[in-house]
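Structure first, then comments.
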Amino acid sequence: MMLITGALALIAVFIFLMALLFLFFCLNLLFSKPGKAVFVREYKPSGSRFSVACYSFNGKEVPCIFPMESAMKSRLYIPYKRCFVMYSKLLRRVYDIWAILTCILGLAFSGFATACIIKIVFL
């Protein structure tokens, strides 16, 4: 019984940390500068398994904060198409629409999971 309780406690800690991470990204998103950018290319950072979208924003090539969506990549990332982004001065990265949705949905789901865990623990 102690092993099960310990495993559940560890999962609860990870869910809470995930909620804090998404909270940080959402707060950073609130203080980011909106603008238009052009999708230029995708690149794979060294040591990473995932590709990252690069956008031309204010004359500079800036990577996206999160990796590219792998499903329907050719339909979601059209070369040289203008799109809405939010530029983070703090992280020197952009949030494209898919990163914005990831932040908002991630905060909502991890916040809900954290609230459920708190309710279970304290009731």
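The values are calculated or read from the model by the stated rules, or taken from the named source; none is laboratory data. If you're wondering where the values come from, they're calculated on a predicted model, not measured in any experiment. We place every Cβ from the backbone using ideal geometry, glycine too, and count neighbours over all the protein chains shown. Accessible surface is based on the protein model in full, side chains and every heavy atom, while ligands, DNA and RNA are left aside. Shrake-Rupley method; radii C 1.70, N 1.55, O 1.52, S 1.80 Å.
Using only side-chain charges placed at the Cβ, +1 for Lys and Arg and -1 for Asp and Glu, the dipole size of the chain relative to its Cα centre rounds to 460 debye.
For the pair LYS36 and LYS73, label points projected 7 Å from Cα toward Cβ lie 2.8 nm apart.
Basic side chains Lys and Arg get +1 at the Cβ, acidic Asp and Glu get -1 at the Cβ, and with that the dipole of region 59-123 about its Cα centre reaches some 200 debye. Rounded to the nearest whole Hz, the Karplus-based 3J(HN,Hα) values (6.51 cos²θ - 1.76 cosθ + 1.60, θ = phi - 60°) of region 21-32 follow the sequence 5, 5, 5, 4, 5, 5, 5, 4, 5, 4, 9, 8, with x at glycine and proline.
What full-extension length gain, to one decimal in nm, is calculated for ALA7 and ILE118 as 0.36 nm per residue of separation minus the Cα-Cα distance?
Details: separation 111, 0.36 × 111 = 39.96 nm, distance 1.59 nm.
Taking ALA7 through ILE118 to full extension adds about 38.4 nm, to one decimal.
Highest GNM mean-square fluctuation among PRO67, PRO45, PRO34, for the chain modelled with Cα contacts below 10 Å: PRO45.
For the chain, the longest stretch holding no chymotrypsin sites (Phe, Trp or Tyr not before Pro) located in a DSSP loop with at most 13 other Cβ atoms within 10 Å is which? Before the final figure, lay out the partial values.
Details: sites that count: PHE31, PHE50, TYR80.
Longest site-free region, per DSSP loop and neighbour criteria: 81-123.
Note on region 9-123: antiparallel DSSP beta bridges, both residues inside, total approximately 95 percent of the bridges counted. Mind checking the angle between helix 97-122 and the chain's longest principal axis? C-alpha axes, 0 to 90 degrees, to the nearest 10. Result, in degrees: 10. Each residue of region 35-40 was assigned a 3J(HN,Hα) from its phi angle through the Karplus curve 6.51 cos²θ - 1.76 cosθ + 1.60 (θ = phi - 60°); the sequence is x, 9, 9, 10, 5, 9 Hz, with glycine and proline shown as x. Rounded to whole numbers, the Karplus 3J(HN,Hα) couplings from phi for region 81-88 are 9, 6, 8, 7, 9, 10, 9, 9 Hz, using 6.51 cos²θ - 1.76 cosθ + 1.60 with θ = phi - 60°, and x at Gly and Pro. Close amide H partners of MET68, meaning residues 5 or more places away or on another chain with modelled amide H under 5 Å apart, are SER51, VAL52, ALA53. If the segment from LEU20 to LYS60 were pulled out straight at 0.36 nm per residue, it would be longer than the present Cα-Cα gap by 11.4 nm. In this structure the amide hydrogen of ARG93, modeled in the peptide plane, comes within under 5 Å of the amide hydrogens of SER88, none closer than 5 places in sequence on its chain.
The trypsin sites (Lys or Arg not before Pro) of region 25-123 meeting both criteria, a DSSP state outside H, G, I, E and B (loop) and at most 15 other C-beta atoms within 10 angstrom of the site's C-beta, are ARG49, LYS81, LYS89, ARG92. Split the accessible area of the chain by element, probe 1.4 Å, and carbon with sulfur accounts for 72%.
Treating each Cα of region 1-115 as an identical point scatterer and ignoring solvent, apply the Debye formula and state log10 I(q)/I(0) at q = 0.11 Å⁻¹. For the requested q values the scattering log ratios are -0.43.
Could you work out how much longer the chain between PHE109 and PHE50 gets when fully extended? Use 0.36 nm per residue separation minus the Cα distance between them, nm to one decimal. Could you put the intermediate results ahead of the total?
Values: separation 59, 0.36 × 59 = 21.24 nm, distance 2.32 nm.
That works out to 18.9 nm of additional length.
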